[in-house]
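Some notes on the structure that comes next.
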Protein chains: 2
Amino acid sequence: MTQSGTHSGTASATTSAALALEPVLATIEKTQAAAVERLAEFLRIPSISTDPAFDADTTRCAEWAAAQLRELGFRAEVVKTIGHPMVLAHHDGPSGQRSGSPRILYYGHYDVQPADPLELWTSPAFEPAIVDGHSYRGKPGKRIVARGAVDDKGQVMTFIEAFRAWHATHGTLPCAVTVMLEGEEESGSKSFEPFLKSHKEKLAADVCVVSDTGMWDIETPAITTRLRGLVYVEVTLHGPSLDLHSGMYGGTLVNPINALAAIVGKLHDADRRVQLKGFYDNVEPLPDAIRAQWAGLAFDEMEFLGEAGVKHPYGEKGTTTMERMWSRPTCDCNGIYGGYTGKGAKTVIPAHATVKLSCRLVANQDPAKVHASIEAFFKDHCPPGCRIEMVSHGMGPAISVPTDSVWLRAAAKALKATFGKEAALIGTGGSIPAVGLMQRELGIDSLLVGFGLDDDHVHSPNEKFELWCYRNGIEAQARMLAEFAATPRA
Amino acid sequence: MTQSGTHSGTASATTSAALALEPVLATIEKTQAAAVERLAEFLRIPSISTDPAFDADTTRCAEWAAAQLRELGFRAEVVKTIGHPMVLAHHDGPSGQRSGSPRILYYGHYDVQPADPLELWTSPAFEPAIVDGHSYRGKPGKRIVARGAVDDKGQVMTFIEAFRAWHATHGTLPCAVTVMLEGEEESGSKSFEPFLKSHKEKLAADVCVVSDTGMWDIETPAITTRLRGLVYVEVTLHGPSLDLHSGMYGGTLVNPINALAAIVGKLHDADRRVQLKGFYDNVEPLPDAIRAQWAGLAFDEMEFLGEAGVKHPYGEKGTTTMERMWSRPTCDCNGIYGGYTGKGAKTVIPAHATVKLSCRLVANQDPAKVHASIEAFFKDHCPPGCRIEMVSHGMGPAISVPTDSVWLRAAAKALKATFGKEAALIGTGGSIPAVGLMQRELGIDSLLVGFGLDDDHVHSPNEKFELWCYRNGIEAQARMLAEFAATPRA
């Protein structure tokens, strides 16, 4: 609360004609424990969208989120799609609000990554545990450990809890709000684009707040303005028509594991440059202005790699770790399997082997072209008599959002008021296909304001969210809403 | 029975002073159905030695086999080892048998390979099914489908059933017999060598009959005189200390899957020559004599590959498929895994990736040197900051057995009497480390007489044993025993 005290003037000044912010911040402070318990409830639902075994839980999770929003005066529906349902909710804001007052769209996702490898979790992935965490401004902190803690349920709850505080204090929100929560962000977002096309009017808004990114560090807020895109495929190399005895057949025919590995091994050259045809066409060097800005962030390469237990920087020749992370495309295997993978030995030559492969894309790379180039690469290198089968698990282009909008300025103001520090404008290596699709289909720019940290173990065992980040995120979201309400529409 | 009728003269002539063979063959003919049911009982025990989950079944399987032998007048024990137990059984043969009459050692294994991929079996792997099979000399045949049907339970039962027929007919066997059944043949035979060292006296014998190989075809018996050796290892490449988000870290550090695949891809050059240092040292070209003998076998390369659904011969440049199969060393991946291997997509960079790798060895290759060379290869190609961990799953040298011994002549005579055709002297790509170890530790040569066919799906789904091969195998074993009994010791 020290922050909200210190900086309250900022927001209230711009919203003099509107609802008061101060009591909202007081409510947030009073209701911290309950906010954490509500997040834990959200986290107990194993909404793993990529695994059909969890379909019922995923739908239950959507309904849970919709119920939360109804409690806060939203008209919330769980909309069926070709995949997992979409949560769509509307709040009109204060009755008789000034015309010209904006409508803000909020995007997040309620689905999560699979939890495996389960044995590496210190507590069950879907039984949230509160343990010691980082301190903030010298004050000791706790963290909540669970799959989805920060990606993205914890971040979704920062704005839902901000709405809750506004609703509890004033019985309404300071401006009109639409919430859209996706259930397929971790599994290719197949039904997202059709949903946007069929719900354009309901989704009309001035800007979209996306909370699925990170802060610069626990004390420095950030707004993300560059996102890498993604192409994710699964490639199977088919050889013999059945598994064979390696003694009888070894050396006389193509071994699909050896053959697949050989192709994967050719994906990069000695300089770690991706060898897919046309991969770097139109990929531009980093503008000097951005290079200078990033240099100002005093990024500690060894600390970043150290979080991953890595001591040696490694990657595309002639680039820095920060450039590799935010501005260079990649080609990574995310999974591989073939033959006998149980304990001990089995002398088999398998009928096929499979690799899950994804490319992170940067500006001007066409996902469809990269997708085609991957397929061509595997087919061109496929040994005689073998067959390549490729399945797509989704794709999205790289994104950059405007850095000079009134909405970004409003968000930056709220972040400074919360943290007492200017927000850093950063990039991220991750992909949020939704951002690009909303830009294209709805003509709405996104504002990527998130509260995660680099060491949150996103997609890994023991994923966590610092309760300081959760608390400050809720305050920042409450302040942003006040700033947005006071921002005249373009 | 047509065969035994036609050729009975052969054996009875050489065993005039001994127990009559004719009634034994008659017993075999009368008890076929019961012999198949006993094999099915053996096959219902899932003795998967490589998977600790099946340890109890594996021990139960050893006890089942020992009980069978006790019924036939053997002193049978199930001997504890550092791994799975060994079945050791003795029969002294007819009382007051002529001095100078031999003792024959029989080797087989009661353990089996894992059954996965389970979904590809047309009937459950451990519920033996009798279905239509190949015909023999124009007579329609059936086959028994189950894991272990031919490797090696069905073959072990050919000699146990032959003993049963002798015992049922004469109340004894025509000469002294020792049986040794191993429970770790499919999982590295770790305790086999120590067992031989500690049981030298009990295992003393003139020759060892090993039934774990194949016939030339369903009408042509074979004696295998060349076996490839084996080195089997599991190699893990360790990178980051935990699984990571490919968006946050992709491109900034070593991806263990990409790195492992790149190393595996370097194991062979463009001519499919293995690149392990010193791998081909001392590997000699195939002697012209053997090349000529093999040419006489009229091997149909496309039919052999066709059994595996393969249309393109592939392998070491400048060699024929038969040479690759019997006389050239290999380096095959038998399994690979890393990262996310479930359904759908997960954008993870895993902490490690693992490959199961085995080399088939030929004469003069030292398994220990090859083992060391594999480890050196992976370590030499390991990227900076990563770590290679290698586990051994067993090794054994290549073997060749004398082709001019009295025992081989005796076996060949019995095979001709059974099948009416000369036995082919062949090689096999498979490995039976026991043969080399018995040669070294006990000074006993092996006689590799087996009744499997190339299309038996050994180590694959729907493994089967033709009932014609089972029946003829039992007859051949009964005849061999008569021939051995009539063979004076060297």
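Please give me, ordered by residue number, the trypsin sites (Lys or Arg not before Pro) of segment A:111-183 that lie in loop per DSSP and have at most 14 other Cβ atoms within 10 Å. Write out the running numbers ahead of the final one.
Numbers: sites: A:Arg137, A:Lys142, A:Arg143, A:Arg147, A:Lys153, A:Arg164; in loops: A:Arg137, A:Arg147.
For trypsin sites (Lys or Arg not before Pro) across segment A:111-183 that sit outside H, G, I, E and B with at most 14 neighbouring Cβ atoms in 10 Å, the list reads A:Arg137.
Counting only the Cα atoms, chain A fills a convex hull of 154 Å³ per residue. For the pair B:Ala372 and B:Arg291, a Förster radius of 35 Å applied to the C-beta separation gives a FRET efficiency near 0.65, rounded to the nearest 0.05.
Note on the protein assembly as shown: with neighbouring protein chains present and a 1.4 Å probe, carbon and sulfur make up 53 percent of its accessible heavy-atom surface. For A:Val209, the residues whose amide H sits under 5 Å from its own are A:Leu105, A:Tyr106, A:Tyr107, A:Leu447, ignoring neighbours fewer than 5 places away on the same chain, with H placed 1.01 Å from N. Between identical copies, the spacing of A:Ser95 label points, each set 7 Å from Cα toward the C-beta atom, reads 11.3 nm from nearest to farthest.
Label zone of A:Lys311 (point 7 Å out along Cα→Cβ, amide N under 17 Å): in segment B:210-249 this covers B:238-242. Here the label points at B:Val391 and A:Asp404, each 7 Å from Cα along the C-beta direction, are separated by 6.0 nm in the simple model.
Relative to the Cα centre, the charge distribution of segment B:248-321, modelled as +1 at Lys and Arg Cβ and -1 at Asp and Glu Cβ, gives a dipole magnitude of about 400 debye. Around the Cα centre of segment B:447-490, unit charges on the Cβ atoms of Lys, Arg, Asp and Glu (plus for the first two, minus for the last two) sum to a dipole of about 300 debye.
Here the Debye sum runs over all C-alpha atoms of segment B:195-279 as equal scatterers in vacuum, and log10 of I(q)/I(0) at q = 0.17 Å⁻¹ comes out as -0.95.
Would you rank A:Arg228, A:Arg324 by solvent-accessible area, highest first, keeping every protein chain in place and using a 1.4 Å probe? Spell out each step's value before the answer.
Numbers: A:Arg228 0, A:Arg324 25 Å².
The ordering from most to least exposed comes out as A:Arg324, A:Arg228.
Relative to a virtual label point 7 Å from the Cα of B:Ala298 in the Cα→beta-carbon direction, which members of segment B:447-475 show backbone nitrogen distances below 20 Å? The answer is B:453-455.
Solvent-accessible area lost on pairing A with B (1.4 Å probe, both sides summed) amounts to about 7100 Å². Between this copy and the others, label points of B:Pro23 are 11.1 nm apart in ascending order, each placed 7 angstrom from Cα in the Cβ direction. Considering only chain B, the C-beta nearest to the rotation axis that sends B to A is found at B:Gly265, 1, the distance in whole Å.
Compute the longest continuous run of chain B that contains no exposed GluC sites (Glu not before Pro); treat a site as exposed when its DSSP state is not H, G, I, E or B and it has at most 15 other Cβ atoms within 10 Å. It runs B:220-421.
Principal-axis analysis of the Cα atoms of chain A puts helix A:433-442 at an angle of about 60° to the longest axis.
Taking 8 Å as the Cα distance limit and 6 or more residues as the minimum spacing, I'd like the relative contact order of chain A as a percentage.
26 percent
For segment A:370-490, a simple Cβ point-charge model (Lys and Arg +1, Asp and Glu -1, everything else neutral) yields a dipole of about 380 debye relative to the Cα centre.
Per residue, how large is the accessible surface of chain A? Use a 1.4 angstrom probe and give square angstrom. Mind showing how you got there, number by number?
Numbers: 17140 Å² over 490 residues.
Value returned for chain A: 35 Å² of accessible area per residue.
Per Stokes-Einstein, at 20 °C and 1.002 mPa s, what whole-number D in µm² s⁻¹ belongs to the protein assembly as shown, with the Kirkwood radius over Cα pairs as the hydrodynamic radius? In µm²/s, the coefficient rounds to 68.
Return the FRET efficiency for the residue pair B:Lys277, A:Asp380: r is the Cβ-Cβ distance, R0 is 45 Å, and the value is rounded to the nearest 0.05.
Values: r = 30 Å, r/R0 = 0.68.
Efficiency, rounded to the nearest 0.05: 0.90.
The lysine pair count for segment A:348-468, using Cα distances under 30 Å and pairs eight or more places apart or on different chains, is 8.
The values are calculated or read from the model by the stated rules, or taken from the named source; none is laboratory data. Bear in mind the structure is a predicted one, so any value in this text is a computation, not a measurement. Glycine also receives a Cβ, built like all others from the backbone with ideal geometry; neighbour counts cover every protein chain displayed. The protein model used for the area step is the full one, side chains on, heavy atoms only, and it has no ligands, DNA or RNA in it. Shrake-Rupley method; radii C 1.70, N 1.55, O 1.52, S 1.80 Å.
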